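*Asks:* Handing you a structure now.
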Amino acid sequence: MTGLETQISGDWFDIRERIRKTDEILALLWPDEANTSGLFSRVATALEAAFEGGIVEYKNNVVRRIGSVLEEAAFSSEFVKKIPNLVEETQALIYATALERGILAQEVRLVPDRDESEDAEPATMSDAHIKSIIADVKEIVANDPSARMNNAIKNILLQLNKYRDEVNAFSSLKAKSDPDRLEAITKNFQASFGNIFDSIRRNYSQFQEEQRLSMRRERGDVIKRTDTTALQKHLASEIEDFSRVRSTLVHVSREHYHMREPLVKLGESLAQTEALLEEEVALAENASGSEMAGAALLRLLAREIARILRGE
């Protein structure tokens, strides 16, 4: 067995023994209390930005970046400077995938929702805030017409119609009134507009709270009601493959000679890594019952892992 094969085998043994204990994997990958906050913040941002493919989209992006750097090994020595960053990115892949497997196995607890009422700012009724609410409501209804049946949204739409009627009435009276009466009329309509805006704000807050409660229930329910046994087993294979990539990079960086050949081979082997990620998508779809539900599960996992990495 070569030195590289020994390292690959030994590293995977260490990770496999800790696969159900993500805190121990964290300590193994980043010993001596290494500062990971900057790395984890970047990874969390990347996970949150994976709008389409969720956790698999993030992994594919990292694998492509690694492959792009490894391509340089065939014709340049500049890649050597980039190896430490590749090792960090690969370790993040291992840890994120371990968290993913742990969440599905219900070994890793979801981050509790914060009580946003504790740090919420006092509600404002500024024109800008009302315009923002109205724009959001219009977008909600455009994307999901059934939202019109929600009581809070229905009340907001009714208040908007009332506001338009009041504006038209005010404009008409304003044009006919003398200066003495105009001040009193303006005050009356300002009070009416204030009541309308207050109702819009109150109903919008109610709608947001309903959405938060719905998402809170969904987070745990999706995991509990989905049989992800096959997916969990597959994720262990992914972790083994990511560990192989990491071990090769670490070994080559320590050897400082005969580096090009193993790195070129590693780059060529990333096709099997990409195949594993394609299989993950298929397994998520099978577990969830449809392509759409599978994609939703992968996006949910990306968000949950991001929250853990941010320490929320």
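The values are calculated or read from the model by the stated rules, or taken from the named source; none is laboratory data. Owing to the predicted nature of the structure, the values given are computational and were not obtained by experimental measurement. In this analysis, Cβ positions are derived from the backbone assuming ideal geometry, glycine residues included, and neighbour counts consider all displayed protein chains.
*Asks:* Report whether or not A271 is more than 30 Å from E5 (Cβ to Cβ), in the same structural domain as I8 (by TED's automatic domain parsing) and surrounded by fewer than 21 Cβ atoms within 10 Å (Cβ to Cβ).
*Replies:* So A271 does not fit the description; no.
*Asks:* Of the residues A169, A230, which single one is of a type in the set (G, A, S) and closer than 22 Å to L276 by Cα?
*Replies:* Being of a type in the set (G, A, S) and closer than 22 Å to L276 by Cα holds for just one of A169, A230, which is A230.
*Asks:* Still on this structure: Inspect all residues belonging to segment 30-39 and state whether any of them is surrounded by 12 or more Cβ atoms within 10 Å (Cβ to Cβ), of a type outside the set (F, W, Y) and in contact with an Asp or Glu (Cβ under 8 Å, 6 or more places away or on another chain).
*Replies:* Yes - at least one qualifying residue is present in segment 30-39.
*Asks:* Is it fair to say E48 is more than 30 Å from A296 (Cβ to Cβ) and of a type in the set (D, E, K, R)?
*Replies:* In short, no.
*Asks:* Filter segment 278-296 for residues that are surrounded by fewer than 19 Cβ atoms within 10 Å (Cβ to Cβ) and either at positive phi or without any contact (Cβ under 8 Å) to a residue 40 or more places away in the chain (or both) and give the result.
*Replies:* E278, A282, E285, G289, S290, E291, M292, A293
Listed here are the residues, each with its yes/no results for (1) touching a Phe, Trp or Tyr at 6+ places or on another chain (Cβ under 8 Å); (2) touching a residue at least 60 places away in the same chain (Cβ under 8 Å); (3) closer than 17 Å to L47 by Cβ.
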| residue | (1), (2), (3) |
| --- | --- |
| R225 | no, no, no |
| H234 | no, no, no |
| L298 | no, yes, yes |
| R310 | yes, yes, yes |
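*Asks:* Test S177 against the stated conditions and say whether it is out of contact with any His (no Cβ under 7 Å at 6 or more places or on another chain), surrounded by 11 or more Cβ atoms within 10 Å (Cβ to Cβ) and more than 18 Å from E210 (Cα to Cα).
*Replies:* yes
*Asks:* Out of the residues in segment 194-214 that are aliphatic (A, V, I, L, M) and at pLDDT 80 or above, which is surrounded by the fewest Cβ atoms within 10 Å (Cβ to Cβ)?
*Replies:* I196
*Asks:* May I ask you to list pairs of residues, at least six apart or on different chains, whose Cβ atoms are under 7 Å apart, with the first in segment 152-176 being not assigned by TED's automatic domain parsing to the domain that holds I200 and the second being acidic (D, E)?
*Replies:* Close Cβ pairs satisfying both conditions: none exist.
*Asks:* Then there's this: Can we say L110 is at pLDDT 90 or above, of a type outside the set (K, R) and surrounded by 11 or more Cβ atoms within 10 Å (Cβ to Cβ)?
*Replies:* The answer is no for L110.
*Asks:* If you don't mind, there's one more thing I want to ask. Looking at A142, A96, A191, A169 in this structure, which one is modelled with pLDDT of 85 or more and within 30 Å of Q232 (Cβ to Cβ)?
*Replies:* On inspection, the qualifying residue turns out to be A96.
*Asks:* Tally time: how many residues in segment 185-202 are over 43 Å from the mean Cα position of the chain (by Cα) and either among the basic types (K, R) or farther than 17 Å from N168 by Cα (or both)?
*Replies:* Qualifying residue count for the region: 1.
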